[in-house]
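I have placed the structure first, in the form of C-alpha cells, so that the comments after it can refer back to it.
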C-alpha cells in the first residue's frame, strides 16, 4: 500500500488493519468511524417486532442503472406479495430522480405494495429510525444502517466494497446478496426472505449492528488528536475581541433580536456590565487542543436570571464554521446543566427566537424546549418564546 505523507490515517472500515499502514499513526475500524453528525441516533432503537406492513428502505447509492433499480424493486415486491404481506418501499436515489430513469415505477405497485421515491433532500435520520429492513449498496450507508440497528441486505456495486461486505456477512452482521442484474434476483430474494421469515435474525442483526457502530467514532478521533469535547469557561474581559467579532458577524446579527452592529466602546461597556452582574452566567464555548496547548473558540452561551432566581433567559451564538455540527445542542445542554447546579432555585429556562431562525428552533426543540407563544417585535418580525422546565433528575 502506498501511504501518503500524512500525520494520521483514519480508516473506519470494519476490515481495516493498522499493519497495512506500516509505521504511520492510524486509527482503524468502526470504533473510529466518523459518522455524519446529523445521522447519529438521538433516541433508543425500538425492539424488533413482527410486522404486517413493513417500511423497506432501498438505497442504491449514486447508481443510475435502471436495470439494477428495477431488479431490486421487483425482488422486494415478489417477496412481500408471495407472503401476503404489505409494505411501503422507500427508494433513496441519491442525486438521481425518477424522471431521469427509464423504470416503470407505477407497474411495480400492487394492492398493498406502495412505492415512495425520496427526494435527495430527505431527512435520512427519520428514514433510518422508521425502517423495518433495508436493502442497500455495501458502502457507507451500510454502516449508518448498522448504527441504527436496521436489519440489512447488502449488495456490492464496486470492487472496493467487497472486503467490508464479506467481513460483515461472515460475522453475521447482515445478509449479502449478488446484484439482481447478475443472477436475476435469486440471491437477493433469498436474502430478503431470510429477513422476513425470522424475527430472531432481524433482532440479532439489530443488536450486533448497534454494538459495532456506536456513533462515537468522531469523538475518539478528536481525542487521539488532542482535541477534547466542548467545554464552558467563564467569560472575562480578555475575551472581548472574539466576542466582539462574533456579535457583529452578519449571520449572527441576522438572527439576533437586536440586529444592529455594536461599536467597540459600547461592546466593552456592555461586557464589563455582564461579567460583573451577579444575575448573569456568561460562558464561552471552547474545545481544548491538548497537543497544541490552545483553545478553539466556538461561541458563547449566556443566561440572564430574574430577580427571584427562578427563571433564566438563554442566549447563544456560534462561529459560522461550526454551525450544523451539533455544537448548539451540546452547548445548550451543558449550559443548562451548569446553571442548574449553581442556582438551586432555578425552575425554568426561556428562549426568545425569531420564527425564521429554523436552525435555532430545531436545536432548542431537540433540547426539550416547548413553544409558549409568539408575537411581533418593534420591527414587525415574529418572535416566539420557548420554555423548558429544569429537572433535578436529568
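Assorted remarks:
- Compared with the dominant principal axis of the Cα atoms in the chain, helix 327-342 is inclined by about 50°.
- Modelled spin labels at residue 81 and residue 204, positioned 7 Å past Cα toward Cβ, are 3.1 nm from each other.
- Region 231-327: equivalent-ellipsoid semi-axes (sqrt of 5 x gyration tensor eigenvalues, Cα, Å): 21, 17, 15
- Highest mobility in the GNM of the chain, judged by mean-square fluctuation with C-alpha springs under 10 Å and restricted to 153, 288, 383, is found for 383.
- Computed from the C-beta positions of residue 325 and residue 183 and an R0 of 45 Å, the FRET efficiency is 0.55 to the nearest 0.05.
- For the chain, adding -39500 (n - 2.57) for each run of n ≥ 4 DSSP H residues and dividing by the number of residues yields -10000 deg cm²/dmol at 222 nm.
- 0 to 90° range, to nearest 10: angle between helix 264-276 axis and the chain longest Cα axis: 90
- Choice from 307, 67, 330 showing the highest fluctuation, given a GNM over the chain with Cα pairs closer than 10 Å: 307
- When peptides 142-151, 129-138 are ranked by their average number of other Cβ atoms within 10 Å per residue, the highest-first order is 142-151, 129-138.
- Computed E for residue 279/residue 169 - FRET, C-beta separation, R0 56 angstrom, nearest 0.05: 0.40
- Computed extension gain for residue 342 through residue 264, at 0.36 nm per residue and net of the alpha carbon distance, reaches 25.0 nm.
- Residue 19 versus residue 123: modelled label distance in nm, points set 7 Å from Cα along the beta carbon direction: 4.6
- Note on residue 38/residue 272: beta-carbon distance plugged into 1/(1 + (r/R0)^6) with R0 of 56 Å gives a FRET efficiency of 0.90.
- Considering only 31, 109, 208, the mean-square fluctuation computed in a Gaussian network model of the chain, springs between alpha carbons under 10 angstrom, is largest for 109.
- Compared with the dominant principal axis of the Cα atoms in the chain, helix 199-212 is inclined by about 40°.
- Region 310-394, Cα convex hull volume normalised per residue, Å³: 100
- Peptides ranked, highest mean first, by Cβ atoms within 10 Å: ranges 280-287, 316-323: 280-287, 316-323
- Directionally averaged projected area (convex hull, Cα atoms, region 245-394), nm²: 10.2
- Here the spin labels are modelled as points 7 Å beyond Cα on the Cα-Cβ line, and at residue 373 and residue 253 they lie 3.2 nm apart.
- Only beta bridges with both residues in the chain are counted; by DSSP, about 55 percent of them are antiparallel.
- Region 250-301 and region 309-339: distance between their alpha carbon centers, rounded to Å: 12
- Note on region 118-268: the alpha carbon radius of gyration divided by the globular reference 2.2 N^0.38 Å gives 1.62.
- 20 Å-binned pair-distance histogram of the chain (Cα, whole percent): 23, 44, 30, 3
Read the figures in this text as sums done on the coordinates, not as results from a lab. What you are looking at is a predicted structure, and each value in this text was computed from that prediction instead of being measured. Cβ atoms come from the backbone with ideal geometry, glycine included; neighbour counts cover every protein chain shown.
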